1. With θ set to phi - 60° and the Karplus curve 6.51 cos²θ - 1.76 cosθ + 1.60, what are the ³J(HN,Hα) couplings of segment 30-36 in order, to the nearest whole Hz, using x for Gly and Pro?
2. Specify which residue in the list Tyr43, Ala65, Ala84 is farthest towards the positive end of the charge dipole of segment 29-85, using unit charges on the beta carbon of Lys, Arg (+1) and Asp, Glu (-1), about the Cα centre.
3. Pop out the carbon and sulfur fraction of the accessible area of segment 32-92 as a percent, whole number, probe 1.4 Å.
4. For Lys9 and Ala91, FRET efficiency with R0 = 22 Å and r from the beta-carbon atoms, rounded to 0.05?
5. For the chain, which span is the longest to avoid every loop-located (per DSSP) member of chymotrypsin sites (Phe, Trp or Tyr not before Pro) having at most 16 other Cβ atoms inside 10 Å?
6. Apply the Karplus parameterisation 6.51 cos²θ - 1.76 cosθ + 1.60, with θ equal to phi minus 60°, to every residue of segment 58-68 and state each ³J(HN,Hα) to the nearest whole Hz, in sequence, with x for glycine and proline.
7. Ordered by residue, what ³J(HN,Hα) values in Hz, to whole numbers, does segment 20-25 give under the Karplus form 6.51 cos²θ - 1.76 cosθ + 1.60, where θ = phi - 60° and Gly and Pro are x?
8. For the Cα atoms of the chain, what angle does the longest principal axis make with the long axis of helix 2-14, in degrees from 0 to 90, nearest 10?
Amino acid sequence: LHANMDLYKWAYKLAPAVPGELVLDCFELAWRIREMDMQASPYDLSGWGYEAIEIETAPGRARYAAAQRGFAAEAQVLRRRLLAALDALLAAVPGAGPDVPEEPEG
């Protein structure tokens, strides 16, 4: 979960070099992951509108695992978009990017 939330951290750090829409999409994913993380915590957050996910029960674990899989799939799409934005940025910098020839050994 935390690696998926880090997409926002990196998108934000790289702004404005990456599209604002991508930063916002990463933020929204991180927000939803954090909400679920809080719901699965041992603290009662029902007073703040967060229904508990009882991970100590089989149904709770199944709900948590299903949410994790969904978040991972969403994060993979965002990760590809972030990498594409970085590739485009590197392509615009003279002498940077994957097409730079390697220095000869020796």
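The values are calculated or read from the model by the stated rules, or taken from the named source; none is laboratory data. Since we're looking at a predicted model, the values are computed, not measured. So basically every Cβ, Gly included, is an ideal-geometry build from the backbone, and we count neighbours across all protein chains shown. Please note that ligands, DNA and RNA were not included when accessible areas were found on the heavy atoms of the full protein model with its side chains. Shrake-Rupley method; radii C 1.70, N 1.55, O 1.52, S 1.80 Å.
1. Rounded to whole hertz, the list is 4, 4, 5, 5, 5, 4, 5.
2. Of the candidates, Ala84 comes out farthest on the positive side.
3. Summing carbon and sulfur atoms, their accessible area is 60 percent of the total for segment 32-92.
4. Details: r = 24 Å, r/R0 = 1.08.
So the FRET efficiency works out to roughly 0.40.
5. Within the chain, the longest run free of exposed chymotrypsin sites (Phe, Trp or Tyr not before Pro) spans 51-106.
6. Result, rounded to whole Hz: 4, x, x, 5, 5, 4, 5, 5, 5, 5, 4.
7. These are the phi-based 3J(HN,Hα) values: x, 4, 5, 4, 5, 4 Hz.
8. Tilt relative to the chain: about 40 degrees.
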